[in-house]
1. Give me, ordered by chain and number, the residues 5 or more places off D79 or on other chains with an amide H under 5 Å from its own placed amide H.
2. Using Cα pairs closer than 8 Å and at least 6 residues apart in sequence, work out the relative contact order for the range 162-252, in percent.
3. Under 5 Å between amide hydrogens, which residues at least 5 positions from S92 or on another chain qualify, with H placed 1.01 Å from N in the peptide plane?
4. Per residue of the range 230-236, what does 6.51 cos²θ - 1.76 cosθ + 1.60 with θ = phi - 60° give for ³J(HN,Hα)? Whole Hz please, x for Gly and Pro, Karplus curve as stated.
5. Apply the Karplus curve 6.51 cos²θ - 1.76 cosθ + 1.60, θ = phi - 60°, to the phi angles in the range 138-154 and return the couplings in whole Hz, x for Gly and Pro.
6. Distance cut-off 19 Å, Cα to Cα: go down the list K90/K113; K90/K129; K90/K131; K165/K252; K129/K165 and report the pairs above it.
7. Near the amide H of A136, under 5 Å away, which other amide H atoms are found, from residues 5 or more places off or on another chain, if H is placed in the peptide plane?
8. Would you be so kind as to identify which of T221, H204, A234 lies farthest towards the positive end of the dipole of the range 196-248, taking Lys and Arg as +1 and Asp and Glu as -1 on Cβ and the Cα centre as origin?
Amino acid sequence: VLRASEHVPFINITQLTRRDKKRAEIWFDDVDPALVAQSQGLAPPESSGPIQTSGTSSSSTSSLVTGQNTTLGRCIALDCEFVGVGPNGKDSALARCSLVNHHGHIVYDTYCKPKEPVVDYRTWVSGIKAKHLTDAPSFEEVQRIVGKLIQDRILVGHAVKNDLKVLFLGHPHRLIRDTSHYAPLQFVKGKSPSLKRLVQHFLHTEIQFGEHSSVEDARATMALYRMHRLDWEAKVRKDFHIKGKGKRRIRKPDLGSAEFQDFIKA
């Protein structure tokens, strides 16, 4: 189902209700230490299945997480880790998916069990191992939840079309904020800078030492968006001829609330 060569129904979500070296540290209060390690991307959890569905963490030393606001909000950042399937493992399949809110708090973070046999776990970059996927949620379940969470929201990511592609989800172009395409972030002539270089250049922070963390990468893209948000949104309003705020009322439950759990389960 996840191979690019196969015909898979394209889902329109509007129809769906990482280590050493001196890397920037993120500290949390009143959070289980194991969850801290997970959310920092320092060590992917040993168990398979859902990692953390919501986060109430706060940051005191990192620009990647800011403030105490743990509501779902109007903006959400997405990043995924892939494994290789198909001939020689050249096709990509979803293996981990992470979403964070406007302030970098975890909204949803889970492993995902591919429908096809994994040929290459790409562990050196993805951090994914076989044990992580044994009892992981199905692709359909992850796709359904992600579809609900991003619906009608501004979606932030780096080359986010690749993440949407493996999820087989669509998203309105006017609601996508891609750090790999936004002109003020393109400081390298001739090509789009990697997320690692963008974070080094604009945030003066180091990420992606060895294995990547989809939580860390999602937080990094959101931090870049926050830095440029006002100008970026003004450009979008101009490009799409949006008058006024152009906002549609959406649900903004607190990530630790029963309302949020009911929302993603519905």
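1. S98
2. Numbers: 38 pairs, mean separation 18.5, N = 91.
Relative contact order comes out at 20 percent.
3. A4, V85
4. 4, 5, 4, 5, 4, 5, 5
5. 6, 4, 4, 5, 5, 4, 4, 5, 4, x, 5, 5, 8, 4, 6, 10, 5
6. Numbers: K90/K113 17 Å; K90/K129 17 Å; K90/K131 21 Å; K165/K252 26 Å; K129/K165 22 Å.
As for pairs spanning more than 19 Å Cα to Cα, those are K90/K131; K165/K252; K129/K165.
7. When sequence neighbours closer than 5 places are left aside, the close amide H contacts are G49.
8. The listed residue farthest towards the positive side: A234.
Rule-based calculations on the coordinates, nothing more; no lab input. A quick note: this is a predicted structure, and the numbers were derived from the prediction, not measured. Backbone-built Cβ (ideal geometry, glycine too); neighbour counts: all protein chains shown.
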